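Here's the structure, in structure tokens; my notes come after.
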Amino acid sequence: MNRVWVYQADRFFTEPELETVKAKLDVFIQEWTAHGSQLSAKVDIIYNLFIVLSVDERVAQVTGCSIDKSVRILKDIEQEIQIDLFNRLLITYRDDQGDIQIVSRDVFEALCQQGVVDENTIVFNNMVQSPQEFASKWEIPLKDSWHKQLFAKK
């Protein structure tokens, strides 16, 4: 089984930041272990906004300690480039032009109430946990996501 973690930044990475982050994460995944066993991991940065870590657990199982190591490197990156990768109160969606927007949960609820966002608006479901979910349930219409509970409040 493969596992996936999606970390959303609170803003888009600049090109120099992307190079820095990618280099740090590439080194990290080469050294990432669980109880001494090398993890078969990969990292992608998508849309200059999302860091996606994945591990093939058929090679070695992820442990609490190994997850802590991944969080630690991400916290180091946050400090170095002054970005937030753990703000779960931000909602990311595509506007009518297809551009990615990052807003607070309160603003997103207001956009739902105003009709700017509707049930067909594409949202990013960062709660996905497997490559299959990532492929089919990450970038989806609001009506098919957990985000629909925010839309229902309107």
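Here is how the numbers come out for the structure above:
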{"read-out": "Single residue of Ile77, Ile51 found to be assigned to a helix (DSSP H, G or I), under 20 Å from the mean Cα position of the chain (by Cα) and outside the structural domain of Glu139 (by TED's automatic domain parsing)", "value": "Ile77"}
{"read-out": "Number of the exception - Ala60 against (1) outside the structural domain of Lys143 (by TED's automatic domain parsing); (2) touching a residue at least 40 places away in the same chain (Cβ under 8 Å)", "value": "(2)"}
{"read-out": "Qualifying helices (runs of 4 or more DSSP H) (wholly inside region 86-152; at least 3 residues being surrounded by 16 or more Cβ atoms within 10 Å (Cβ to Cβ) and not basic (Lys, Arg))", "value": "105-114"}
{"read-out": "Breaking point among (1) in a helix (DSSP H, G or I); (2) over 13 Å from the mean Cα position of the chain (by Cα), for Val62", "value": "(1)"}
{"read-out": "Condition met for Arg72 (out of contact with any strand residue (DSSP E or B) (no Cβ under 8 Å at 6 or more places or on another chain), basic (Lys, Arg), modelled with pLDDT under 95 and surrounded by fewer than 17 Cβ atoms within 10 Å (Cβ to Cβ))", "value": "no"}
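The values are calculated or read from the model by the stated rules, or taken from the named source; none is laboratory data. Since this is a predicted model, take the numbers as computed values, not measurements. Quick reminder, even Gly has a Cβ in these numbers, built from the backbone with ideal geometry, and neighbours come from all protein chains shown.
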